[in-house]
1. Which is under 18 Å from the mean Cα position of the chain (by Cα) and either part of a helix (DSSP H, G or I) or surrounded by 10 or more Cβ atoms within 10 Å (Cβ to Cβ) (or both), of ALA49, ALA87?
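The values are calculated or read from the model by the stated rules, or taken from the named source; none is laboratory data. Worth saying up front: this structure is predicted, and the values here are computed from it rather than measured. Methodologically, a virtual Cβ is constructed for each residue, glycine included, from the backbone with ideal geometry; neighbour enumeration extends over all protein chains shown.
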Amino acid sequence: MDLVTPSIGLIFWTSLTFITVFFILRKFAWQPILGALDEREKTIADSLATAEKAKQEMAVLNVENARLLQEARTEREKMLKDAKTVADRLVNEAKDKAIEESNRIIASAQEAIKNEKQAALTEVRNQVASLSLTIAEKLLKNELGNKNAQLDLAQNFLKEIKSN
């Protein structure tokens, strides 16, 4: 039973050894251990703070990214709308120019046709006049071949002039 019930001397020397070891550890080991624990705790707290700050910055960046993406989409839509407007305007201008050019060509062709028609009519009139003069000359040569017919014709002209 000696093993179960220790003696006073054993308790004294065990307590004295424990207290001595405790003070030695407290003086030399406890401060570095507590300092290491405090430093580790501070490092963990700093890491958590940094992580939280990074999380907040990521949230801000995500919001900024979403805003920039929306701006880019809006700008793209505006550019597409502007390009469509410019394209429509260019197409309309080209149509207007084509219509104007075709109208000008038609007017020019009509003017050329009118001029050719006038020239043809003038030519026909000149030919008719020339032909009429030739016919009249031949008729007059035949009709006015004798003197009595000439006098009768002159008197008829005078009567017509007096009546007018």
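1. ALA87
Residues are listed down the side, and each one gets a yes or a no for (1) modelled with pLDDT under 95; (2) surrounded by 10 or more Cβ atoms within 10 Å (Cβ to Cβ):
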residue	(1), (2)
LYS27	yes, no
ILE33	yes, yes
LYS42	no, yes
LYS53	no, yes
ARG73	no, yes
